[in-house]
Structures are given as structure tokens and as C-alpha cells.
1. In nm, to one decimal, how far is the modelled label at LYS13 from the one at ASP265, with both set 7 Å along Cα→Cβ?
2. Which lysines have a Cα lying under 29 Å from the Cα of LYS244, excluding residues fewer than 8 positions away in the same chain?
3. If you keep only loop residues by DSSP, which GluC sites (Glu not before Pro) in segment 154-214 have at most 13 other Cβ atoms within 10 Å of their Cβ?
4. Label GLU219 and GLN183 with points 7 Å out from Cα along Cα→Cβ: what is the distance between them in nm?
5. Lys and Arg at +1, Asp and Glu at -1: add these up for the other residues within a Cβ distance under 11 Å of ARG249 and post the number.
6. Give the separation of the Cα centroids, segment 175-195 to segment 1-65, in Å.
7. What's the local net charge at ASN117, with K and R +1, D and E -1, over the other residues with C-beta under 11 Å away?
8. Quickly estimate the mean residue ellipticity at 222 nm for the chain, helices only: each DSSP H run with n ≥ 4 gives -39500 (n - 2.57), and the total goes over all residues, rounded to 500.
Amino acid sequence: EQLPPLSSAPRAKAISRELSNKLEDELLLPRINSGELTKTVRDELPNHGWYRIPVPRGGDFEFFYEGVRDAFNRTFRRELETPVDLDIFYIDDFDSHWSSDETYASSYPGAAYWIHNDCSNFRICYEETPYKGEDFTGNGVAFVLPVALPSKVDFRDGHDMMPAGLELYNISHGHRDEAGDLQKPWNRQWMDVYRYNLGEIIFFNAFRWHSGHVPRASEFLDKDNPDHKRAETVGFAAELKTGKWVLFRMCKGSTDDKAKEKILDTDVNLSSTGAATENYVLSAEEAMLHELSAESCAMMSQQTS
């Protein structure tokens, strides 16, 4: 059983517009304006950065986790545990400089979003939960939940070119070329866009190729997106052999497959445990697909041989 099926991306309302605004006004903006946070910026794309802000469980913001759990249960009829704090990724300059035409014709990542799947990420992120690798079945669901958008008009309300969105690709981790080699999407022409509505969660199979949406330059009109902001949480749910599902966060802080360790200098989540401590079952072929180093491929091949 695969939850959700590889080709679907069900949506469910998780929190209201009022609660999304409460998160932004009472948690996200105060943390950013405090000056205590440092933006995450990758060397490859120095003009694109984001803040990582953990949402504390319990207290004034428990409604956030209640909304995620309830949306998961209504969608899949499964119980979801939430043992770690999720991060919200906040962009405070989300304007047309986040668009890119180059990434539609090349492997260039575009505005800080890499096309990836969560194969290797799962193996890192579960270490922040109380569970061990052998506790999981290997089945996984990923999701995005937007809590701030560049326009007060959502996609469903008529903003047909809402630039904040999710890209999903109709090839899986197991896609091979004519020579039998594993492949990832070569550029963004393979994808479909799932544009955001405030407070609406989008679930998808975690091993499906995906990315944050990078609009074409002609599609990102600043006049239609006057608030210049984007904020969302990214989470993974993995199935336990008990039948329950457990939630964990995008602990690395980047969608770049080549980033094997967590970006700790901008991680203020108290549940962070640093770099991965265990050896992961990742074949040399898979490692090459994720553009990992030759040394990593050799090490992983020895571990799995």
C-alpha cells in the first residue's frame, strides 16, 4: 500500500486565514524583527535566502499541529504523531527576482529550489525522532503548508498565476533511461504546478520528484503580488510498523541533494541533533543520482555490499 498514490496530490484545509495570520503576526515576524535570526543562504544562489523559524508545540501555537494532524486523518484515515517541532521557512523578499527562465532549459536550480526527492532526506531526518530506522515500513508522505503568500488573493480565488506553489514531476525515483540508468528530471519542463492557497496543506508521495515552484519571469508580476512574502512549512510523515504515522521536519534546511549535513548555523530548533550519525543504505547508483561525491559512493557501496 502506498500513501498517497504516486500520481496524486490531495489537498486539505489545515488552518484558517485568521490562524495563518496569527502565526505570522505573533510568531514569525516577531522572531525575524528581533534580529536574533540569520538568513539561510546557499553559496550557489547568494541573492536568495530564507529564515527558519520553529513552531513550538503546545501553548499558543498548538493549533498548527492540530490542523496538520486533523488534515492527515481526514485525508488518509490514519493517526499521525508529532514528536518534533516543525520549521516554517519565511521569505521576506519574494518578488520577481525569484523567477528564472534558465531553469526551464537546464539543470540550474532556479531561485534556490532544487529538483529533488526525499529518499536520502528521510534517512537523516528520522534521527530527530525517538524512533530507529527499523521501526519504519519505508512508506512516506511529504507535505507543504503555506501560511503567508505574496497576495491576499489565493489561487482558488482567482490568482491564476500565484507564484508560490509546489512543483511535482510525473516520474518517480525509479525512472530509468534507455540505457537503464537512474534519472532525475533534467529541467522544469517536466513538472506540474500546484499553486498555494493560504492554510491549505498539499500531500504528495515523498519519493516523487518535486521542488518549490520557480515561476518563469513572464509569470511573476510584482503588481499582482504586492506583499512580497512567502512562508510555508515542509514536513515528512513516515509509516511505523505499528500502523501509526510519525511526523518529522525538513531538518537539513535545504532541498539540495548534495547537502548531506544539516545547515546548523541557521537552525534554532532545539530538537536539532546536528549531522547524521548513522550509516544509511544508499547504493552507489542512488548516490550518483543525487550528485553525491565519488568518495560517498564508494563508502556507501562498501556499506551495502
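1. So the label points at LYS13 and ASP265 sit 4.3 nm apart.
2. In chain and number order, the partners are LYS13, LYS132, LYS252, LYS260, LYS262.
3. Counting only loop positions with at most 13 other Cβ atoms within 10 Å, the GluC sites (Glu not before Pro) in segment 154-214 are GLU178.
4. Inter-label distance under the simple model: 2.2 nm.
5. Net charge in that neighbourhood comes out at -1.
6. Segment 175-195 and segment 1-65 have Cα centres spaced 28 Å from each other.
7. Working: positive: LYS184, ARG208; negative: ASP118, ASP257, GLU286.
Computed value for this residue: -1.
8. -4500 deg cm²/dmol
The values are calculated or read from the model by the stated rules, or taken from the named source; none is laboratory data. Quick caveat: nothing in here was measured; it's all calculated off a predicted structure. Glycine gets a Cβ as well: all are built from the backbone with ideal geometry, and neighbour counts include every protein chain shown. In case anyone asks, the SASA skips ligands and DNA or RNA and just uses the protein heavy atoms, side chains included. Shrake-Rupley method; radii C 1.70, N 1.55, O 1.52, S 1.80 Å.
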